[in-house]
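The values are calculated or read from the model by the stated rules, or taken from the named source; none is laboratory data. These numbers come from a predicted model, not from an experiment. All Cβ positions, glycine included, derive from the backbone under ideal geometry; neighbour counts span all protein chains shown. All accessible areas refer to the heavy atoms of the entire protein, side chains included, with ligands and DNA or RNA removed. Shrake-Rupley method; radii C 1.70, N 1.55, O 1.52, S 1.80 Å.
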Amino acid sequence: RAGLEHGDFWGFNNSLAVAMGATMFRPTKKQRDAPAGAGKARVKLLRWERLPDVVATHGAQMRALAAANAVVKDPRFLFTLPLWLAAGAEIEHVVITFRAIEDAVASRQAAGQSEFNERELRNALTYGLGIITEAVLASGLSHSFIRFPDFLTDLDGLYDALRFPSPVDKAAFVTAAQALETYRADGALSEEVASKERLVRDWLENLAHS
């Protein structure tokens, strides 16, 4: 669910992307303030030549954060996962949630989560999907691809798609997923982000270790 990113990760991933010269989902302030039609591309790609220095500077923090958290959700990993892998961060499995690009673009624009225009945001999202897909395939990292919104209503299909390296009991999985949906439907997710984030992470951690 949007808004449940772990606070220790989303800010750090933003910093990693900046250190690598990438814009991810938003243009920089300097780009936003530039006159219209300034002529320069606003979607900035990762500058891979910076990777060794960025990993040397931030690798210890990446390893510590990965070791301290069993489950983390952050769409910024689309762009930064190669850095975490290069740093030797402990990552057991990656779940990549994807949806039709045009729907992802429309969702971000409707929520005011990007100042990119439609073409720029589509290019940025497509680029990020390419980065994370290459990262898991090239590294041989255990991973799953799941499609939104299909997995919200098809728990059997979701269970089959989640190819965890260690078996997860299907009954425990369905129970946890149903409990989460009941909680959301009751409207309790209107509580402050910190408390709901902690509860969702607890459920996911219990599921991962069931």
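Considering amide H positions built from the backbone, and no H for Pro or chain starts, which residues 5 or more places from ARG99, or on another chain, come under 5 Å of its amide H?
PHE148
Between ASP150 and SER166, how many nm apart are label points set 7 Å from Cα along the C-beta direction?
2.8 nm
Between ALA100 and ALA41, what length in nm is gained on full extension when 0.36 nm per residue of separation is reduced by their alpha carbon distance? Walk me through the intermediate numbers first.
On the way: separation 59, 0.36 × 59 = 21.24 nm, distance 2.40 nm.
Using 0.36 nm per residue and subtracting the Cα-Cα distance, I get 18.8 nm.
Compute the Cα gyration tensor for the range 105-180, then decide on rounded, prolate or oblate, letting a ≥ b ≥ c be the square roots of its eigenvalues: rounded whenever a/c is under 1.5, prolate when a/b is larger than b/c in the other cases, and oblate in all that remain. Write down the numbers at each step before the final one.
Numbers: a/c = 3.51, a/b = 1.52, b/c = 2.31.
Oblate is the answer for the range 105-180, as a/c is 1.5 or above yet b/c matches or exceeds a/b.
Would you mind listing how long the range 123-164 runs along its three principal axes, going by Cα atoms, in whole Å with the largest first?
If we take the Cα atoms of the range 123-164, the spans are 29, 25, 7 Å.
Got a sec to turn the phi values of the range 92-106 into Karplus ³J(HN,Hα) couplings, 6.51 cos²θ - 1.76 cosθ + 1.60 with θ = phi - 60°, whole Hz, x for Gly and Pro?
Going residue by residue, I get 8, 7, 10, 9, 9, 9, 10, 9, 3, 4, 5, 6, 5, 4, 4 Hz, with x marking Gly and Pro.
With every protein chain present, what accessible area does LYS44 have (1.4 Å probe, heavy atoms only), rounded to the nearest 10 Å²?
For LYS44, the solvent-accessible surface is approximately 80 Å².
In nm, what is the difference between 0.36 nm times the number of residues separating SER139 and GLU118 and their Cα-Cα distance? All intermediate terms of the calculation are to be shown ahead of the outcome.
On the way: separation 21, 0.36 × 21 = 7.56 nm, distance 3.18 nm.
Between SER139 and GLU118, full extension yields an extra 4.4 nm.
Leaving out ligands, DNA and RNA but keeping every protein chain, what accessible area does TYR127 have, in Å² rounded to the nearest 10, with a 1.4 Å probe?
For TYR127, the solvent-accessible surface is approximately 60 Å².
Say a paramagnetic label sat at a point 7 Å from the Cα of LEU129, along Cα to Cβ; which residues of the range 137-151 have their backbone N under 17 Å from it?
It comes to 137, 144-151, nothing else.
Scan around VAL94 for amide H atoms under 5 Å from its own, H built in the peptide plane at 1.01 Å from N, and keep only partners 5 or more places away or cross-chain.
Correct list: HIS143, SER144.
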